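Participant: This is the structure I want to talk about, given as structure tokens.
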Amino acid sequence: MALATLEFSRRFAMAHRLILGAEEKCATPHGHNEHVIIELKPTMPFSLGGANALASFAQIKGRWHAWIDDQVDHALQLNAADPLIEYFRVQEPRRCARLMVFPGDPTTEAACILFFFKLRAFLMADGAPFAAQRIRIEETPTNSVQVDAAFIEGLEVARDTGLWWQRADMSINDLANAPKLARDQPGQARQVAQPRRPADVSASRP
Ligand SMILES: [Zn+2]
């Protein structure tokens, strides 16, 4: 079975900043050129003969690579509590679609987790005979983070919430569905976004 495991790699550019971490350097918006490598495990037995493939590569990776190329590439990854989100909502609302919004700081660990959920949603929606087994993001040539299905299964996160990373659509945030800020509703008290608790991550760092 291991022989039929598939691996696909894609390169993308991204920007982010970490507002809750200890490193001041990371709190300034900056970017990385990253690679995301996904490993897929077949969910059906492979038999030699005939097409000799459970599905075409185009069918399996099509939606994933379209999401990486059209949505993830050059997106700005932000903590949901980052005040930059309100800046864009008020000053440059047409660019809100380019914001990838995270529960907590947009670290590479968090990106691996959200990407894993998104990939799994795509595979299930496509009915592909493969399941997400592992995702690795190479942030720099020397730093990478990897999560696998067992890690995701043990993760304490709310499932089936309908958040963007659990939906099989091309979204990278839920800003279009977000309630109007108080500033949009004269006469009401201003609402301040509360920082959420960072995800419990223990991803490996080779
Ligand atoms: Zn960074």
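The values are calculated or read from the model by the stated rules, or taken from the named source; none is laboratory data. Because the structure is predicted, anything quoted here is derived from the model rather than measured. For neighbour counting, all protein chains shown are included, and Cβ atoms are generated from backbone atoms with ideal geometry for every residue, glycine included.
Participant: If you scan the stretch 119-150, which residues turn out to be without any contact (Cβ under 8 Å) to a residue 12 or more places away in the chain and either crowded, with 21+ Cβ neighbours inside 10 Å or within 16 Å of the ligand (Cβ to nearest atom) (or both)?
Facilitator: Residues of the stretch 119-150 that are without any contact (Cβ under 8 Å) to a residue 12 or more places away in the chain, as a first pass: 127, 141-142, 150.
PRO141, THR142 - these are the residues of the stretch 119-150 that are without any contact (Cβ under 8 Å) to a residue 12 or more places away in the chain and either crowded, with 21+ Cβ neighbours inside 10 Å or within 16 Å of the ligand (Cβ to nearest atom) (or both).
Participant: May I ask you to list the residues in the stretch 156-182 that are surrounded by 13 or more Cβ atoms within 10 Å (Cβ to Cβ) and either in a helix (DSSP H, G or I) or at pLDDT below 90 (or both)?
Facilitator: VAL157, TRP164, TRP165, GLN166, LEU175, ALA178, LEU181, ALA182
Participant: Has the stretch 101-114 got at least one residue that is away from the ligand (no atom under 16 Å from the Cβ), of a type outside the set (A, V, I, L, M, F, W, C) and not in a loop (DSSP other than H, G, I, E, B)?
Facilitator: So far as the stretch 101-114 goes, no, none of its residues is away from the ligand (no atom under 16 Å from the Cβ), of a type outside the set (A, V, I, L, M, F, W, C) and not in a loop (DSSP other than H, G, I, E, B).
Participant: Another question about this same structure. Any residue at all in the stretch 44-67 that's surrounded by 13 or more Cβ atoms within 10 Å (Cβ to Cβ) and closer than 18 Å to VAL101 by Cα?
Facilitator: Yes, because at least one residue in the stretch 44-67 is surrounded by 13 or more Cβ atoms within 10 Å (Cβ to Cβ) and closer than 18 Å to VAL101 by Cα.
Participant: Another question about this same structure. Please tell me if ASP69 is assigned to a loop (DSSP other than H, G, I, E, B) and in contact with a Lys or Arg (Cβ under 9 Å, 6 or more places away or on another chain). So that I can check it myself, show each step before the final result.
Facilitator: Values: assigned to a loop (DSSP other than H, G, I, E, B): no; in contact with a Lys or Arg (Cβ under 9 Å, 6 or more places away or on another chain): yes.
Answer is no for this residue.
Participant: Identify all residues within the stretch 9-48 that are part of a loop (DSSP other than H, G, I, E, B), in contact (Cβ under 8 Å) with a residue 60 or more places away in the chain and within 16 Å of the ligand (Cβ to nearest atom); write none if there are none. Even if it seems obvious, please write down each step before you answer.
Facilitator: Taking the stretch 9-48 and keeping what is part of a loop (DSSP other than H, G, I, E, B), we get 17-23, 28-29, 43-48.
From what's left, in contact (Cβ under 8 Å) with a residue 60 or more places away in the chain: 17-21, 43-44.
Within the stretch 9-48, ARG17, LEU18, ILE19, LEU20, GLY21 meet the criteria.
Participant: Keeping to the stretch 80-121, report how many residues are among the small types (Gly, Ala, Ser) and within 18 Å of SER9 (Cα to Cα).
Facilitator: Just the residues of the stretch 80-121 that are among the small types (Gly, Ala, Ser), to begin with: 80-81, 97, 104, 110-111, 121.
Restricting the remaining residues to those that are within 18 Å of SER9 (Cα to Cα) gives 111.
Adding up the residues that qualify gives 1.
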